[in-house]
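So the structure is just underneath, and the comments pick up after that.
Each value in this text was obtained by applying a stated rule to the coordinates, not by laboratory testing. Computed from a prediction, not measured in an experiment: that's the story for all the values here. Cβ sites come from the backbone with ideal geometry, for glycine too, and all protein chains shown count toward neighbours.
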Amino acid sequence: MIRAFLYTAIIFLLNFNNLFAQKFEALAQTPPMGFNTWNTFQTNINEQMLKNMVDTFISSGMKDAGYRYFILDDGWMAMQRDSSGNLVPDPQKFPGGMKKFVDYVHAKGLKFGIYNCAGTLTCGGYPGTRGYEYQDARFYAALGVDYLKYDWCNTVGLDAKEAYTTMSKAIKVAGRPMVFSLCEWGNHKPWEWATNIGHLWRTTGDIAAGFDGVVDKGTWKAMSVMGIADKQAEMRQYSGPGHWNDPDMLEVGNGMTYNEDKAHFSLWCMLAAPLMAGNDLRKMSDQTKSILTNGDAIAIDQDVLGVAGFKYAALDGLEIWIKPLANNELAVCFLNRSAKQKTITFNWKDHPIKDGLSSIIIDFNTSAYKIYDLWLKKTLGNTNRALKSDLGVHDVMMIKLTKL
Ligand code: GLA
């Protein structure tokens, strides 16, 4: 009798615990890929424009390249909740209602993401979720939301870990699996505490389409591609399948040079970063498209080992980044960060590669690797010979090494 009681109690506790276990597992086993409205449109979004964007998402080959999430950032809501406290999609921007738009996205075989904020108001001044966590999570679940980006404006007095834990639980209780994207800009080092709470966390402040240094946006200072990349080393070990460091959305196609866009995309792939296109897909040039849909580069990002790359060396404006891959392969990215044309000469045999995190050790004196150039899309011999190549200003050479 007592044994039966104990048994039932244990089963109950296990289930109870499961109900409140944080985050839905088995989502985002590789870094999430998609499109987010913010970088190009800010809050200027509307149903018709977004439907065109969804159509282009398919026709441009983004879906075929692996992008899945179509994400509305800030600005989708009306300024007030309704009398029951429910969020209201802006009726002017979404005359057909949000559910219809979500269904449109799903009918195209894509997943739908939405945005809100842990504070009283979003960064754009729309109703925030503070105090409405469970109600909002139910609202998203009913809409069919697959991904929630959760920001950190207007949060005075809140503890970040507690606030994100509450929302994570609310999503779990609402019952619809959603990727949970923490966006508190790395202020409270979420990589140290959010592994069981969310699937990705912003590591840094907002990106802008600038290559290096700080990007002056008039009223505020945004981060550049290299400014963000420089900060990734310290949190590298916290990223992995199901829980990714997020250096912010892509600025490919938003005003940098072709080389800079290519370098930006390559570095994000080397970092195993979430790949969220942030350009106007309807207007992208063939060059932009060729970057965003480079399947070889995407395969580096999506590699199942899920180990973020690291800066192996930096000298005189030239940087070498390395990312260990599954099956003992390796991605190497040579980057010319300087404002002058450079020539790289890299004698593999002088540079053993060691990485404690992935336990790889390579000595090119004892093993040779085939070199495949991911942008030129061709094999360039092997590591028995020194690599020599010209690199234009802010250009990259990104290669994959496969053991011979
Ligand atoms: C913050 C986030 C951005 C974007 C805006 C929306 O700045 O970091 O990515 O979501 O808010 O207002």
Among K111/K221; K172/K283; K323/K378, which pairs are too far apart, with a Cα-Cα distance over 30 Å? K111/K221; K172/K283
If one compares the long axis through the Cα atoms of helix 133-143 with the longest principal axis of the Cα atoms of the chain, the angle in degrees, nearest 10, works out at 80
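With r as the distance between the Cβ atoms of L27 and L404 and R0 = 35 Å, compute the FRET efficiency 1/(1 + (r/R0)^6) and round to 0.05. Kindly include the intermediate steps, with their values, before the conclusion.
On the way: r = 37 Å, r/R0 = 1.06.
Using R0 = 35 Å, I get an efficiency of 0.40.
Starting with the fewest neighbours, write out T40, T383, T345 ranked by other beta-carbon atoms found within 10 Å of each beta-carbon. Before the final figure, lay out the partial values.
Details: T40 21, T383 25, T345 8.
If I rank by nearby Cβ atoms, fewest first, I get T345, T40, T383.
Report the Stokes-Einstein translational diffusion coefficient (µm² s⁻¹, integer) for region 336-384, Rh taken as the Kirkwood radius over Cα pairs, at 10 °C with viscosity 1.306 mPa s.
Values: Rh = 13.0 Å.
Taking Rh from Cα pairs, D becomes 122 µm²/s.
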Which of P95, P32, P352 moves most in a GNM of the chain, Cα contacts under 10 Å? P352
7 Å from Cα along Cα→Cβ at both I58 and Y134: what's the point-to-point distance in nm? 3.9
Does anyone have the angle between helix 98-107 and the longest principal axis of the chain? Alpha-carbon axes, 0 to 90°, nearest 10? 40
In a Gaussian network model of the chain with springs linking alpha carbons closer than 10 Å, the residue among L72, L374, L315 that fluctuates most is L315
Taking Cα atoms, the helix 47-59 axis meets the longest principal axis of the chain at an angle in degrees (rounded to 10) of 40
Solitary cysteines of the chain, where the nearest other Cys Cβ is not under 4.7 Å: C117, C183, C269, C333
If you stretched the chain out fully between M49 and K108, how much longer would it get, using 0.36 nm times the residue separation minus the C-alpha to C-alpha distance? 19.7 nm
Computed over the Cα atoms of region 310-403, what is the convex hull's projected area averaged over all directions, in nm²? 5.6
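For region 285-373, which trypsin sites (Lys or Arg not before Pro) are in a loop by DSSP, counting at most 16 other Cβ atoms within 10 Å?
Values: sites: K289, K311, R337, K340, K342, K349, K354, K370; in loops: R337, K340.
Here the trypsin sites (Lys or Arg not before Pro) that fit, given the DSSP loop and packing criteria, are K340.
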Taking the number of other C-beta atoms within 10 Å as the exposure measure, put C269, C183, C123 in order starting with the fewest. C123, C183, C269
Per residue of the chain, what 222 nm ellipticity follows from adding -39500 (n - 2.57) for every DSSP H run with n ≥ 4, rounded to the nearest 500? -8000 deg cm²/dmol
When T293, T343 are ranked with the fewest other C-beta atoms within 10 Å first, the list becomes T343, T293
Whose amide H sits under 5 Å from the amide H of L387, counting only residues 5 or more places off or on another chain, with H placed in the peptide plane? F346, N347, W348
Here the alpha-carbon Rg of the chain over 2.2 N^0.38 Å rounds to 1.04
Can you run phi through the Karplus equation (6.51, -1.76, 1.60; θ = phi - 60°) for region 181-192 and list ³J(HN,Hα) in whole Hz, with x for Gly and Pro? 10, 7, 10, 10, 6, x, 4, 10, 6, x, 4, 7
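Which length gain, in nm to one decimal place, applies between D216 and D296 when the Cα-Cα distance is subtracted from 0.36 nm times their residue separation?
25.5 nm
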Have a look at the DSSP beta bridges in the chain and tell me what percent are antiparallel, nearest 5. 60
